[in-house]
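One structure is given here, and the rest of the page talks about it.
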Amino acid sequence: RGVGNKRVAKLDKLFPGYVFVNMRMDKDTWYTIKNSNHVLNFVGHDRARRNAGGGIAAGRGHVVPTPLTRAEEKRIFDRIAREAVEQEPSKFEVGTAVRITQGIFIGNEGKVIQSDLDRNRFVVRMDLFKRETPTEFSPDQLELLEVVEEVGPEVDQAVEEEIISELREAWEGQNQVNPFKPKDERD
């Protein structure tokens with residue numbers, strides 16, 4: 001649950017805490033990754049460390065990374081493809097009026113001026129402090145505004161014809177070009 005006790009859609013991580021790397025394995029690449037920040041170890045089999053005397057040394061040991069098999073790769077990529085298909089198409093198109101529902105801009109309204117479907121992000125132009133400001137949002141931070149079409153008052157056809165005929169008579173009495181008269185009937 002998120003802010004205001006609302007349900008929040010959250011993406012599940014496929015393998016939380018793991019990073020998959022496609023690389024040519026040698027001592028230099030192993031060392032570079034092993035000594036990167038937040039990398040604890042590799043997945044693979046342990047090779048015991050030896051001390052100077054030839055005995056087994058204490059410590060974490062030396063883990064030899066094990067490459068994924070083709071079957072494991074296929075299973076991972078099939079799962080990614082399935083999840084990509086399950087994502088619904090975006091309902092926010094360029095020009096759509098939206099209201100911001102989360103974050104510091106909550107309650108503001110604007111129009112979508114740009115969409116990046118690969119990153120699932122939308123740029124919304126809002127009126128902030130009497131200036132139009134483009135700001136980037138994710139779809140879960142936006143909601144569509146209902147577009148209300150302004151409809152003029154209903155006009156009775158008979159009343160409209162009567163008004164036009166009165167205007168024609170007034171124009172003809174003043175010797176001016178009558179805009180209500182068809183072009184082929186004008187003098």
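The values are calculated or read from the model by the stated rules, or taken from the named source; none is laboratory data. In this text, all values refer to a predicted model and were calculated from it rather than measured experimentally. Ideal geometry is used to build each Cβ from the backbone, glycine not excepted, and the neighbour counts take in all protein chains shown. Please note that ligands, DNA and RNA were not included when accessible areas were found on the heavy atoms of the full protein model with its side chains. Shrake-Rupley method; radii C 1.70, N 1.55, O 1.52, S 1.80 Å.
Observations
- A residue that is modelled with pLDDT under 85, part of a loop (DSSP other than H, G, I, E, B), touching a helix residue (DSSP H, G or I) at 6+ places or on another chain (Cβ under 8 Å) and open to solvent by less than 60 Å² (accessible area, probe 1.4 Å) occurs somewhere in the range 79-97.
- Residues of the range 145-170 that turn out to be open to solvent by less than 80 Å² (accessible area, probe 1.4 Å) and at pLDDT 65 or above, as a count: 8
- Of the residues making up the range 98-135, those that are part of a loop (DSSP other than H, G, I, E, B) and more than 28 Å from residue 12 (Cβ to Cβ) number 4.
- Pairs with Cβ under 9 Å, 6+ apart, first in the range 34-50 and within 18 Å of residue 66 (Cα to Cα) and of a type in the set (A, V, I, L, M, F, W, C), second modelled with pLDDT of 75 or more and not in a loop (DSSP other than H, G, I, E, B): 39/33; 42/30; 42/33; 42/34; 42/65; 43/65
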